[in-house]
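Trainee: There's a structure below that I have some questions on.
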Amino acid sequence: MADLRIKIGTLEFRNPVMTASGTFGYGSEFDDFFDVSALGGIIVKGTTLESREGNPYPRMAETPAGMLNSVGLQNKGIDYFEKNIYPRIRQYDTHIIVNVNGNTVEDYTELSRRLNALDAIPAIELNISCPNVKKGGMIFGTNPAAAREVIAAVRQAYSRTLIVKLSPNVTDITEFARISEGEGADSVSLINTLVGMAIDVRAMKPRLAAITGGLSGPAIRPVALRMVWQAAKAVSIPVIGMGGIMNADDALEFIMAGATAVQVGTASFIEPLAALDVVKGIDSSLDSRGFASVSDVTGIINR
Ligand SMILES: Cc1cc2nc3c(=O)[nH]c(=O)nc-3n(C[C@H](O)[C@H](O)[C@H](O)COP(=O)(O)O)c2cc1C
């Protein structure tokens, strides 16, 4: 068995494979399929201070090699999470990481402060890249001054491991990776979805009620890989790569480009065991090629 352990900040993960926010619920939805503690980590659904209904239906559409979604951060808010979900998921023997969202800097800091008090949540992923909300979200992740302000404020409010999730809907991803590092983030994760749209030509209507949505799945992988490669060269904090990872070889592409860890998203909708298969596949791929640890191939194309 290859040594798959990795570190993000001071936090050690048993392997580099996590599940992407919004694609794996709170983890417990997958209990019937496999022991989710076999994963490196679980990034739970996007969470906000107050409960949110999300956007009107339809809010999913299939596209060539991908899907569009405009879910819009539907969740029951932090009070509900603390009372009803946290007690259920805190016993998992893997890192449960909460994806943090807000409309304002104050929303983000207040939510981060609340999460700082939860012992079994060792890290947060600050989502400044959601394309499906009118306020907040991607606005923070596409404006350098706004990104700087929200990351700095959350860093003050949150003392554990801070991951900043970046938007691909920018011209220069390295600028946002550097801002995150400069403001004290322990890691950056990327990419969130690319803004897209689709039209039903017979009905002559957009396929999503919100008209635009976030594109995910294999269609975005080459773009995601390019951005992860650029970000990994620009900063010295660990980069978590995602975007269209369907199997272990896809994950190894990101790792070879410089990602310390990866997240599996849309693939879990097609195959609930996808993330577990990625863990096993990375292990056997490294073994069969004689690599003792995953770090032996991290960023290998840049050496
Ligand atoms: C249905 C759906 C819901 C999502 N919800 C969130 C979310 O709440 N927060 C977030 O940061 N990203 C969210 N994402 C983005 C994913 O976490 C991931 O960044 C993106 O889908 C790219 O990875 P993939 O191609 O492997 O799915 C969502 C994606 C999908 C498909």
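Trainee: How large is the helix-only mean residue ellipticity at 222 nm for the chain, computed as the sum of -39500 (n - 2.57) over DSSP H runs with n ≥ 4, divided by its residue count, in deg cm²/dmol to the nearest 500?
Mentor: -8500 deg cm²/dmol
Trainee: What is segment 34-166's relative contact order, in percent, from Cα pairs under 8 angstrom and six or more apart in sequence?
Mentor: 24 percent
Trainee: Sorted by average packing, counted as other Cβ atoms within 10 angstrom per residue and highest first, what order do 110-117, 224-231 take?
Mentor: 224-231, 110-117
Trainee: Taking the Cα centre of the chain as origin and charging only Cβ (+1 Lys, Arg; -1 Asp, Glu), how large is the dipole, in debye to the nearest 20?
Mentor: The dipole of the chain has a size of about 620 debye.
Trainee: If each of R90 and D35 carries a label point 7 Å out from its Cα toward its Cβ, how far apart are those two points in nm?
Mentor: Taking the simple label geometry, R90 and D35 are separated by 2.3 nm.
Trainee: Distance check, please: which entries in K83/K280; K7/K134; K134/K280; K134/K165 exceed 29 angstrom between their Cα atoms?
Mentor: K83/K280; K7/K134; K134/K280
Trainee: Nearest 20 debye, what's the magnitude of the dipole of segment 169-303 about its Cα centre given +1 on Lys and Arg Cβ and -1 on Asp and Glu Cβ?
Mentor: Rounded to the nearest 20 debye, it is 460 debye.
Trainee: Rounded, prolate or oblate: which fits segment 1-138 when a ≥ b ≥ c are the square roots of the eigenvalues of the alpha-carbon gyration tensor, with rounded for a/c under 1.5 and prolate only if a/b beats b/c?
Mentor: oblate
Trainee: Now, a different point. So, in nm, how far is label T104 from label N302 when the simple model puts each one 7 Å beyond its Cα toward the Cβ?
Mentor: Going by the 7 Å Cα→Cβ label model, 3.8 nm.
Trainee: How high is the relative contact order of segment 158-303, in percent, with contacts defined as C-alpha pairs under 8 Å that are six or more residues apart?
Mentor: 19 percent
Trainee: Compute the relative contact order of the chain as a whole-number percentage, counting only Cα pairs closer than 8 Å that sit 6 or more residues apart in sequence.
Mentor: For the chain, the relative contact order is 20 percent.
Trainee: Using the charge dipole of segment 142-269 (Lys, Arg: +1 at Cβ; Asp, Glu: -1 at Cβ; taken about the Cα centre), state which of M256, A152, G244 has its Cα farthest towards the positive end.
Mentor: G244
Trainee: How long is the gain from A153 to K280 if the chain were fully straight, where each residue apart is worth 0.36 nm and the alpha carbon distance is subtracted?
Mentor: Result: 41.9 nm gained on full extension.
Trainee: Determine the distance separating the Cα centre of segment 227-303 from the Cα centre of segment 29-103; give it in Å without decimals.
Mentor: Value for the Cα centre distance between the two parts: 22 Å.
Trainee: Dipole of segment 1-62 (Lys/Arg Cβ +1, Asp/Glu Cβ -1, origin at the Cα centre): which of S21, G46, G9 lies farthest to the positive side?
Mentor: G9
Trainee: A further question follows. Assuming R0 = 45 Å, what is the FRET efficiency of D119 and A203, from their Cβ-Cβ distance, to the nearest 0.05?
Mentor: 0.35
Trainee: What distance in nm separates the simple spin-label points at M256 and D287, each placed 7 Å from Cα in the Cβ direction?
Mentor: Rounded to a tenth, the inter-label distance reads 2.1 nm.
Trainee: Gain in length, N143 to Y80, computed as 0.36 nm per residue apart minus the alpha-carbon separation, to one decimal in nm?
Mentor: Contour length minus the Cα-Cα distance gives 19.5 nm.
Each reported figure results from applying straightforward, stated rules to the coordinates on display, with no laboratory input. Source: prediction; values computed, not measured. Glycine also receives a Cβ, built like all others from the backbone with ideal geometry; neighbour counts cover every protein chain displayed.
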